[in-house]
Structure formats: C-alpha cells, structure tokens
Amino acid sequence: MIKLQKNKVLKEKLKRKLPADSRVLEDSELVYTVSAQEYWQQALLTEEETEIPKLREYIRRRLLDKKRRMVTKYVTEAFGLLLLTDSFSCTDNLPSEYLHVSGLRRSVEEKIQLLEKAIDQCFAHIVQPLQEGVRNARSSYQRILGACLVRSRGNQGFHQTLKAVCLKNGIYASRTLGRIDLNEAITQPIYEQIDPVFGGIFRSGKPTDGSALMPHIDAFKHSLQEKMMEIGIRNGWKYDGYKKSFLIQEISAILGGLEGHILRKKRRIYESLSTSVQNDLKPCYEENGATCMNIYKCMYVEAAQITGKKACERMKDVLRRGLDQQVAEGMFERAQERMQHQFHQLKNGITEKVKGSVTAMLTLASSQGDGLHKELADVKSEYKEMEKLHRSLREAAENALLRRAMQDFLLRMSPSKSGPPKT
C-alpha cells in the first residue's frame, strides 16, 4: 500500500513538471522497493522481493532505447553519404542537376522563413504566463522569503545554516534541514505560471494549438521532403533515384540532430529565471576598460559577514532589505527578459543550423561529380546493406511504439488494484 501511495504521489509530481506525453508518465511503476532495509539482512527478503530485477530490467530498456536512437541517427547519416557516393556513379542528366537543386534551394529559403515565423508564434505562448508569474512573484516574495527564514524551534544554530546559504549564493544542502534554495523559492510563483506552457512547447506529438515546437520542425521536414519528391519527378529524376533519396535521407538526419540541441537548450532556458535572480543577488563585478572595476556588496555577501549578538536576526534583516531593493530595481522583470532572450537565441540557433546544414547538403547534391564517377569505388553492396539496417531499425522503432500503445491500452482497460496482494 505504501508503494502504491508513493507511486501515485511521484506520478502527480512528474505530471506537474513534465509534458503530458512524456514517456516516463506511461510507466505503470515508478517506485521500486530497492531501498528496503530488510533486503540487506538477506535472511528476510530475497533479491526478487525487493524488486531489484524489475528495476534492473527497466533501466536496461531505457538504455537500449537510447542506444537504438543513437545508432539510428548514425546509420541514417551513413546511409545518406552512401546514397550521395552512389549518385556520382550515375552520369545521366548531369548538366541539368544544378538547375534542379537551384530550384530546391529557393524553396528551402522560403520554407525556412515560414519555420521562423512558426517558431515565433510557438514561443509567443510563454509571454503572458511569464508576465503573470512576475506579477505574482512581486506580490509574494516577502511572504516566501519570510517562510524560508522562520524556524519553529527558534534561531538556535540556524545562523550557521543561514551563513552557509549566503556564502553559497542562496543555495545550501543542509544535513538537518534539507536543501535550501532561496533563488528557486523566490521564483516559484513564476514557475507555477509557466510550467504547463513550457512543458507544452517542448512536448512531442501532434500539434493542437500550435504551441509545441517539435511538430513545427516535423512539418518543415515533411514539406521539404514532399517538395524534393515533386521537383524530382517533374524534372525527370527517377522515382527511386539516388539523388532524391540522398536529399530526403539527409533532411531526416539534419532535423533529427536538432532534437538533442533543443533538449540541451531547454534546460538552460528553464533555469534562466532562478539563475538570473541568483546573479542579481550575488556580488556584481563590472570591468570598465582595463583599469577600473566597480564592486558593490550584495545582500548575500553582506549577510554572510555578520557576526556577534543577534547575528541571525541581523542577517535576516539584510536579506529582506537587499531583496526589497533588487525587486524595486526590476529583478523579476530582468529574469523575464533573460528567459525571453534565451527563447530568441534558441530560435536563431535552430534556423541557423537548418540553413547551414541544408545549404551544405544542397551544395553536395548539386555537384556534377567532376569525373568522380570514373574514380570512386562501387558502393552498391554497402548501400544495400545499410539500407537493410536502416529499415530494420525503423521497424524496431515502430514496433516499440506499438508495444507501448498496447501496454497503455491494457493498463487502461484492466481493473484498478484495490491494494497489494495478501501474504
């Protein structure tokens, strides 16, 4: 029963933090009894009873899924290169290839502009929750800070903890009080407003209201591939021509690589609020040329230096005054601007990466071979082998999706458990 309760609590917590279609939310079990003290006494519990094998299998599946996606990415890129190499062996219609790819290049530029507008519209959804969160933070920061500074048992010993918090710029992992993060606590009202929208922006799946980023990139990929098919057929490329196949394959590889870039930026964007607040509350050093440096003490540094009688209360007063001053000077508004700037940088990064990679791809595809078809080795056997491997990986991914969908269906259809089995 305890395990079921903890599983439910953990899933509810993850639902507030993660997109609704996150894979981890599909798992029926999120809590494993591997920390049971009875296991280490071995005379009472076996390994199976502690669910260590189930946890081991869960970790194995997650690791294999990650490796499969990584291998698929590498195989896709290798497959595209083999397609290009084999296309150089074909001498048909070489003079007209440049004209065909020039048409593609113009189409790509138009579609990148459309993608940029779609990303702008997608990211615009975060503006209103950010503004509302800033208003909430301004009205509640004093109460939140006060709750962080009050201890039911009084200040005995707390001044040392508070000093450690100040020395570490507002963050301290206390052995007795747990983790203390004043920066995160102060920005929590903003996170409460943006979390649902932020999760929606970075979720996968089909778009509903245009607020999700990845569906726009998928739509861009499919529109490019369709345009390549259209131009290829209209201009006399064989339906299964190597040049067309290379272009379509490379588009998948290029845009597939964007996912990792977006995930890395996602964390930085999310943490930019608390990081901005932390930077505003710690010592600021500004260099003006090579000789002048302007330094002022922020509330953390000033509070950490307080000693003597009633040190704890005086430290709290410094923290309150310092925070009041920073809020009055627009600390929360700066945090909002910095997050929006991070979103703007992500948009620019996506469009620049797409433009650069697709331009390089089209440059390769427009090459007329320059006589390479006479010198390059025959790679048809390698191409066929890579094609077979690529197909098997794609089928494995599709089967995995079907299995997850079936498991989810069976889980929904099965009667709810009333409690743990009787022993």
- Task: Provide the per-residue ³J(HN,Hα) series for segment 384-392, in order, calculated from phi with Karplus coefficients 6.51, -1.76, 1.60 and θ = phi - 60°, each as a whole number of Hz, with x at glycine and proline positions.
- Result: 5, 5, 5, 5, 5, 5, 4, 5, 5
- Message: Using 22 Å as the Cα-Cα cut-off, could you pick out the over-long pairs in Lys66/Lys266; Lys282/Lys347; Lys8/Lys67; Lys117/Lys227; Lys266/Lys347?
- Response: Lys282/Lys347; Lys8/Lys67
- Message: Under the rule of at least 5 residues apart or a separate chain, name every residue whose amide H is placed under 5 Å from the amide H of Ile180.
- Response: Tyr172, Ala173, Ser174
- Note on the structure: From the cross-link list Lys168/Lys316; Lys111/Lys384; Lys54/Lys221, the entries with a Cα-Cα span beyond 27 Å are Lys111/Lys384; Lys54/Lys221
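Each reported figure results from applying straightforward, stated rules to the coordinates on display, with no laboratory input. Worth saying up front: this structure is predicted, and the values here are computed from it rather than measured.
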